[in-house]
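This report refers to the structure that appears directly beneath it.
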Ligand SMILES: C[S@@+](CC[C@H](N)C(=O)[O-])C[C@H]1O[C@@H](n2cnc3c(N)ncnc32)[C@H](O)[C@@H]1O
């Protein structure tokens, strides 16, 4: 619970390694697992910015900064992103894994969206459902605390705010979504968003 799952770390690692974002912004540092994963995937020329509001995160982030000069920790809420945080550079990759709240994510989106590169990739964590057959005792306990989050008799929406946020983006912007969800394992789930566009191509026919 808390950090991204190892399989999800693999996916995010591969996406970062393949696309090599020059500026990556992460909302939700926690103990730094996902930030360290991005830093391992990226060259020192890529700047990784992470935001959190917990004192534990502030302390742990200092240690990560010692090892990675290209890491920048911002001790403030995700909604307080300003372009000067990233030296007014375009943001190529955003990872959202912090408040898990629709309204906070919407405010964050309004703050970040003007700074996004045209082909920016947005990864939103916790958009999947937990399938009952894979529950451990902790999932039983958590699902009993918020019984209204059952989508049906088998699927539990552990972070409904992230699901609402993704639906809001798809309904109100030009972004399209690809969901990395699973029913065969206990998966928190990731959604990848990117502006819908046609690839530019030459008009001359190539023979
Ligand atoms: C699920 S944890 C992040 C896990 C981390 N991404 C990882 O995979 O290792 C969520 C974090 O978001 C932070 N958080 C909650 N509300 C926030 C807000 N409004 N702004 C920034 N961080 C917030 C919490 O303090 C917590 O550390």
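Considering each residue of the range 17-26 in turn, at least one proves to be crowded, with 16+ Cβ neighbours inside 10 Å and within 7 Å of the ligand (Cβ to nearest atom). Only one entry of 152, 167 meets the criterion of being without any contact (Cβ under 8 Å) to a residue 12 or more places away in the chain, closer than 25 Å to residue 29 by Cα and not in a strand (DSSP E or B), and that entry is 167.
Counting only helices (runs of 4 or more DSSP H) wholly contained in the range 1-120, the ones carrying 1 or more residues that are touching a residue at least 60 places away in the same chain (Cβ under 8 Å) and within 21 Å of residue 194 (Cα to Cα) occupy 6-19, 33-41, 102-112.
Read the figures in this text as sums done on the coordinates, not as results from a lab. None of these values were measured; they are calculated from a predicted model. Here Cβ is always computed from backbone atoms with ideal geometry, including for glycine, and neighbour counts include all displayed protein chains.
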